[in-house]
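Read through the structure below, which is laid out as structure tokens, and then see the notes.
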Amino acid sequence: DDNVTTRVRNDAARVVSRVLEGLPQPRRAAILGVEKPFALGHNGLTVRGVLDLALRTGATSLHLRDWKTGKVETDSEKLEANIQLAIYTWAGIQIWPWATTITVGLYSTTTCAETIRKLDPTTVGFFIERLDGDAAAAAEAARLVTGKTVDLTHPVRPGEHCARCPFR
């Protein structure tokens, strides 16, 4: 792009080089998925997302990494309250049922450091139940605003309106 100055390009190249140099290099055979989409069904709800990186770390173990461009939480204990990582764990359970041990991590491309945690199974269950409650609350709010009942089992139909939607 002609609008990008040489200085900006050089800065970006340095950042990318630093990130790539700092990344732990998994064995190629250990990579199970990169940008792997998932759709999880529960009580008529569908939770969709994308796993940034899935690694097989042993015969029955799996590690799911989420890339972050800024600093990440360095206290592993605090990751227990991270709904995104709980959903990633849930996705790992569904996609790779052979995995008996699943760890999740937030990897900062800024600091080249990862905080890793194995979530307690009750944490994952807690967040799944919370999603049920949040969906029911959203449906009730929609009913109060529109006067119509929302069918939570109705499939989402993305369209051109989705690009501008703040709730996508």
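The values are calculated or read from the model by the stated rules, or taken from the named source; none is laboratory data. Given the structure is predicted, the values throughout are model-derived calculations rather than measurements. Neighbour counts are summed over all protein chains in view; Cβ atoms, including those assigned to glycine, are modelled from backbone coordinates with ideal geometry. Surface areas here come from the heavy atoms of the whole protein model, side chains and all, with no ligands, DNA or RNA. Shrake-Rupley method; radii C 1.70, N 1.55, O 1.52, S 1.80 Å.
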Looking for something open to solvent by less than 20 Å² (accessible area, probe 1.4 Å), touching a residue at least 24 places away in the same chain (Cβ under 8 Å) and under 12 Å from the mean Cα position of the chain (by Cα) - is there at least one such residue anywhere in the stretch 65-72?
yes
Considering only residues that are modelled with pLDDT under 90, open to solvent by less than 40 Å² (accessible area, probe 1.4 Å) and in a strand (DSSP E or B), which ones fall in the stretch 89-114?
Ser108
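A quick yes/no check of all residues on (1) farther than 18 Å from Leu119 by Cα; (2) modelled with pLDDT under 90; (3) of a type in the set (Asp, Glu):
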position	(1), (2), (3)
Asp1	yes, yes, yes
Val8	yes, yes, no
Pro26	yes, yes, no
Ala29	yes, yes, no
Glu35	yes, no, yes
Gly49	yes, no, no
Ser61	no, no, no
Asp66	no, no, yes
Val72	no, yes, no
For the stretch 119-134, check the following and say yes or no: at least one residue is within 14 Å of the chain's Cα centre (by Cα), in a helix (DSSP H, G or I) and under 18 Å from Val47 (Cα atoms).
yes
For the stretch 74-88, what are the residues that are assigned to a helix (DSSP H, G or I) and either more than 10 Å from Leu119 (Cα to Cα) or open to solvent by 30 Å² or more (accessible area, probe 1.4 Å) (or both)?
Ser76, Glu77, Lys78, Glu80, Ala81, Ile83, Gln84, Ile87, Tyr88
With the first residue restricted to the stretch 34-47 and required to be without any contact (Cβ under 8 Å) to a residue 60 or more places away in the chain, and the second required to be open to solvent by 60 Å² or more (accessible area, probe 1.4 Å), Cβ contacts under 8 Å at 6 or more apart or on different chains are Pro37/Arg48; Phe38/Arg48; Phe38/Gln94; Ala39/Thr46; Ala39/Arg48; Leu40/Thr46; Leu40/Arg48; Leu40/Gln94
Tell me which of these Leu64 doesn't satisfy, since it passes every other one: (1) assigned to a helix (DSSP H, G or I); (2) under 18 Å from Pro37 (Cα atoms).
(1)
Test result for Arg56, under 21 Å from Gly125 (Cβ atoms), of a type in the set (D, E, K, R) and open to solvent by 30 Å² or more (accessible area, probe 1.4 Å)
no
